[in-house]
Structures are given as structure tokens and as C-alpha cells.
Amino acid sequence: MPQSVLRVADATGIGDCLINEPVDAVRSQVGKGVPVMRLGGMIVEASGSKQLLVSDLAPFDGMPQPEWALIPLAWVPENGRPAFARLQRLLDGLNDSALRAFVGSVFADSRIAEPYMCVPGSRAHHHAYDGGLLIHSVQVAETTAATAALHGATARECELAVVGALFHDIGKIRLYARSIAGMSPLQGTDPEALNLEVLAPALSCLDARWGEGAAALRSILAPARSYTHAPYLMTDLVRAMDRLSAGQDLREHAFQDAENWQRYTSTERGQLLARLTPKAVVSPQDWVGAII
């Protein structure tokens, strides 16, 4: 009986899949020691061709992979791929089962996962380029994790802070998502006001598994209030690291075409930015050149 073969492809390459073949038949085909992945999903017609919507991925002889391991690299812009690799490491490092399930349910939804990988972090402020949301979110998560540990947060609090940081701007997918994501973009809405809407199904599941964690996560994700400090330390940390990441990106882009001696510049919105003059260019000749 002839074997049924399906050819699959994404940005990482092309491969042939055997359909519904028993383990011994697959191993006889590829040999021992060769890594083989088992795909599960549904074949659909799209744009005149057949596509495999993968819902399950696991090593042929091992345990299933988490949902974030199923995210196609094709969704990630070239400039965002280093951040994507760091995102995978952050998520693989989560030990709390409730948080892993929460994050998994978020990234299992292509309407969330796809735009999260590719939309900008803002229209004309910080990280205003494709992949900017991913780059910014990962940076905030990494600095939040390091700062939380320095402030004596417990391991579980650190993990909650990482998850909150990764999703602190997720409402922006509703503002900047392309129509192919299956979610209509919005205009003129505070992104933080949309965080809880986007994550509502996953938060409902987290309520059942870890109610206190779900409440704390809502504190991180909700719009900031007028009081000085938030109830949870993690909320203050995420907000502080958010500002730091945004400020760093603004300065990098504002000064990228500036002369070495130039101390001041401004953003496109007219915000003044300053830096210390590099020691290597502080000399009488440089100062004369700057004055002239």
C-alpha cells in the first residue's frame, strides 16, 4: 500500500510528512537517532492550496512541546528574531504550572500570537516599527525579572512579573493588528484599557487555577491609577521598566544620526533629550568646532 506524504513548509525550511504511519514504519524510513517531530492538526483549503493548521507538536519519541513552540517563525520580522529566541527562553524558564498554562492558552490563539510577533510598539513614539511590540515586551520582561530578584521578590512573584511584563502592552494588537489576524483594529483607545479584554479568556482559566495570581496579573495589566504606588510591587516594577525601555529606544533613534560632540536632540514630538559628551571628543578643538 503506498504511503501518504504531505509536504510542509515555513520560514525555516521544507519537509515531508508521513501521514498516519505507525512508529516502526517511520523509524524504518528515517533510521535510528534521526530527530523526528510528530505534527497534529487539521488540513484546510486556503487561497487555492492546502494548509496544515498545527495544533500539536511533539518529538516523535518524547513529550509534547508547549504552545509557544508552535509559533511559526514566518510571523516574526527579521529584526525581531533575536527577541523571539529570548522570548522562548523566558517562557521555557517558567516553572509555575498555572502560569505556563495561562501563557500557553494565550499563544495558542493565532489572533493574539501572530500580531504580537509583528506589530509595532507604537505609531510614532518608541519601537515604532514592525516587531517593535515583541522587542519592547521581551526587554521589559528581562529587566523586570532582574530587578524583581534584586528587590527580594519570591520565585513565583518573579515569574508573575515576567508574564505581566510580556503582556503589559498586548492591547496594542487591537490598535495595530493587520486584518489577516481576524481582529478588527481600533482607533483612539488607550492600549492598556484593551489588555484585559484581549486576555479575558485566559485570565478566566487562571482564576480557577490560581486566583491570587490572576488578581495580581490584572493589577499589572490594568491602566495606571493616580495613586503613587500600586498595591503589588510587580506592578510598579513593570511600569518602571516599561518607561526605561521606551526611553532607551527613543534615545537610540534620536541620536543615531547625531555628531559625536552633540549633547542635545529632540524626538519627532519635540521632546528634548540629552546625553553626556563622550570623553573621547571632549577637547578644546572639539568645543571650538561645536561653538562655530
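None of the figures in this text is laboratory data; all of them are computed from the coordinates on show. All values derive from a computational prediction rather than experimental measurement. Heads up, the Cβs are rebuilt from the backbone with ideal geometry, glycines too, and the neighbour counts pull from every protein chain shown.
Hey, any hits in region 269-277 for a residue that's touching a residue at least 40 places away in the same chain (Cβ under 8 Å) and under 27 Å from the mean Cα position of the chain (by Cα)? Quick ask: steps written out before the conclusion?
Our first condition is that a residue be touching a residue at least 40 places away in the same chain (Cβ under 8 Å); within region 269-277, this holds for 269.
In the following step, the residues that additionally are under 27 Å from the mean Cα position of the chain (by Cα) were identified as 269.
Yes, that holds for at least one residue.
Which condition from (1) in contact with a Leu (Cβ under 8 Å, 6 or more places away or on another chain); (2) farther than 14 Å from residue 90 by Cα is the one that residue 122 breaks?
(1)
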